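Inspection log for the structure reproduced underneath, given as structure tokens.
The values are calculated or read from the model by the stated rules, or taken from the named source; none is laboratory data. Since this is a predicted model, take the numbers as computed values, not measurements. With ideal geometry, Cβ positions are generated from the backbone for all residues, glycine too; neighbour counts draw on all protein chains shown. All accessible areas refer to the heavy atoms of the entire protein, side chains included, with ligands and DNA or RNA removed. Shrake-Rupley method; radii C 1.70, N 1.55, O 1.52, S 1.80 Å.
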Amino acid sequence: MAPKFPDSVEKLRAAGNESFRNGQYAEASALYGRALRVLQAQGSSDPKEESVLYSNRAACHLKDGNCRDCIKDCTSALALVPFSIKPLLRRASAYEALEKYPMAYVDYKTVLQIDNSVTSALEGINRMTRALMDSLGPEWRLKLPSIPLVPVSAQKRWNSLPSENHKEKAKSKSKETTATKNRVPSAGDVEKAKVLKEEGNELVKKGNHKKAIEKYSESLLCSNLESATYSNRALCYLVLKQYTEAVKDCTEALKLDGKNVKAFYRRAQAHKALKDYKSSFADISNLLQIEPRNGPAQKLWQEVKQNLH
């Protein structure tokens, strides 16, 4: 006797989610497909629900190695709700599996425009950069398809989503930290990290601090052994008024080089902006022990000292 399936879109999606969690991807795909047919038969316009169902079915195809159908479903999902992170990531993974590296690069890069802390996208960009350099040579960037410009509204939509997405973001950051700290980079990784850091430096000179953060983050995924990369990214966070992130990066920089003057100075600036004058004063004092004649540090020391009294 054939199993009796639920008949509402919501119940079909829930049943599909349960099958997916149990590793029954073909069954989950069928349930999501049935939910799509029910939704479309109803004639009601619910692009968000329809997009989620396409994206969920795409995840099943990806798990089963059916990359072409995964790409097709992700494209349908994105046509309904443009710049959704999950279908972009799933389509990028499918393109990567099919060795369509330029297309994968574009999707990973699009995700990073929406949220530059998504680790799977940062790691994907790292892999695609290496693959594209190997296959297309040093001018590989000139041979890429155009990367869509993500509107601010799409970024705001992601930032205002429910807490589960922010948990995913936090988990992603934690994974990035653990992965980079536990891995010993190869000589090739170290060289690639230097190239990416220099690209970040060039972007800073042009005033493009958001893109520079992406480059420094990519560099740190290759190798997290260079203190200057952390202190350079801290500068970008300072400019963007992300002071807590700046403090964290300066702290990482100082773990690698206890005499990194820029890290002390930038962390002092960040602490001052956060009104933690005691910590700021301590950092400036440490800096002046290393460079007693550092003019900007002397000026900041005076400013912070006034706030302490």
_So for the range 47-57 (the condition being in the same structural domain as Asn116 (by the TED database), surrounded by fewer than 21 Cβ atoms within 10 Å (Cβ to Cβ), modelled with pLDDT of 95 or more and among the polar types (S, T, N, Q)), does at least one residue qualify?_
no
*Got a sec? Which of Lys262, Lys241 is under 17 Å from Ser117 (Cβ atoms), open to solvent by 50 Å² or more (accessible area, probe 1.4 Å), in contact with a helix residue (DSSP H, G or I) (Cβ under 8 Å, 6 or more places away or on another chain) and not assigned by the TED database to the domain that holds Ala121?*
Lys241
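Picking from Leu80, Leu53, Leu39, which residue would you name as being among the hydrophobic types (A, V, I, L, M, F, W, C) and out of contact with any Asp or Glu (no Cβ under 7 Å at 6 or more places or on another chain)?
Numbers: Leu80 fails: out of contact with any Asp or Glu (no Cβ under 7 Å at 6 or more places or on another chain); Leu39 fails: out of contact with any Asp or Glu (no Cβ under 7 Å at 6 or more places or on another chain).
After applying the criteria, what remains is Leu53.
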*Taking the range 267-283 only, how many residues are in contact (Cβ under 8 Å) with a residue 24 or more places away in the chain, in a helix (DSSP H, G or I) and aliphatic (A, V, I, L, M)?*
3
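Looking at Asp69, Asp73, can you tell me which residue is open to solvent by less than 20 Å² (accessible area, probe 1.4 Å), in a helix (DSSP H, G or I) and among the acidic types (Asp, Glu)?
Working: Asp69 fails: open to solvent by less than 20 Å² (accessible area, probe 1.4 Å).
Just one listed residue meets the conditions, Asp73.
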*Please identify the pairs in which a residue from the range 132-150 that is more than 14 Å from Lys100 (Cα to Cα) has its Cβ atom under 7 Å from the Cβ atom of a residue that is assigned to a loop (DSSP other than H, G, I, E, B), counting only partners at least 6 apart or on another chain.*
Val150/Phe83
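Open to solvent by less than 20 Å² (accessible area, probe 1.4 Å), under 19 Å from the mean Cα position of the chain (by Cα) and in contact (Cβ under 8 Å) with a residue 60 or more places away in the chain: which single residue out of Cys222, Cys236 fits that description?
Values: Cys236 fails: in contact (Cβ under 8 Å) with a residue 60 or more places away in the chain.
Testing whether each residue is open to solvent by less than 20 Å² (accessible area, probe 1.4 Å), under 19 Å from the mean Cα position of the chain (by Cα) and in contact (Cβ under 8 Å) with a residue 60 or more places away in the chain leaves just Cys222.
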*Collect the residues in the range 205-238 that are small (Gly, Ala, Ser), over 16 Å from Ala273 (Cβ atoms) and either assigned to a helix (DSSP H, G or I) or in the same structural domain as Asp115 (by the TED database) (or both), keeping them in residue-number order.*
Ala212, Ser217, Ser219, Ser227, Ala228, Ser231
*Any idea which residue in the range 37-66 is farthest from Gln113 (Cα to Cα), counting only those that are part of a helix (DSSP H, G or I) and among the charged types (D, E, K, R)?*
Arg37
*asked:* Step by step: first the residues of the range 280-300, then only those that are open to solvent by less than 60 Å² (accessible area, probe 1.4 Å) and touching a Lys or Arg at 6+ places or on another chain (Cβ under 8 Å), then the one that is nearest to Thr251 (Cα to Cα). Which residue is that?
replied: Asp283
*When you scan the range 267-278, how many residues do you find that are within 32 Å of the chain's Cα centre (by Cα) and open to solvent by 40 Å² or more (accessible area, probe 1.4 Å)?*
8
*Considering the range 60-75 alone, what residues qualify as being closer than 15 Å to Leu36 by Cα and in contact (Cβ under 8 Å) with a residue 24 or more places away in the chain?*
Cys60
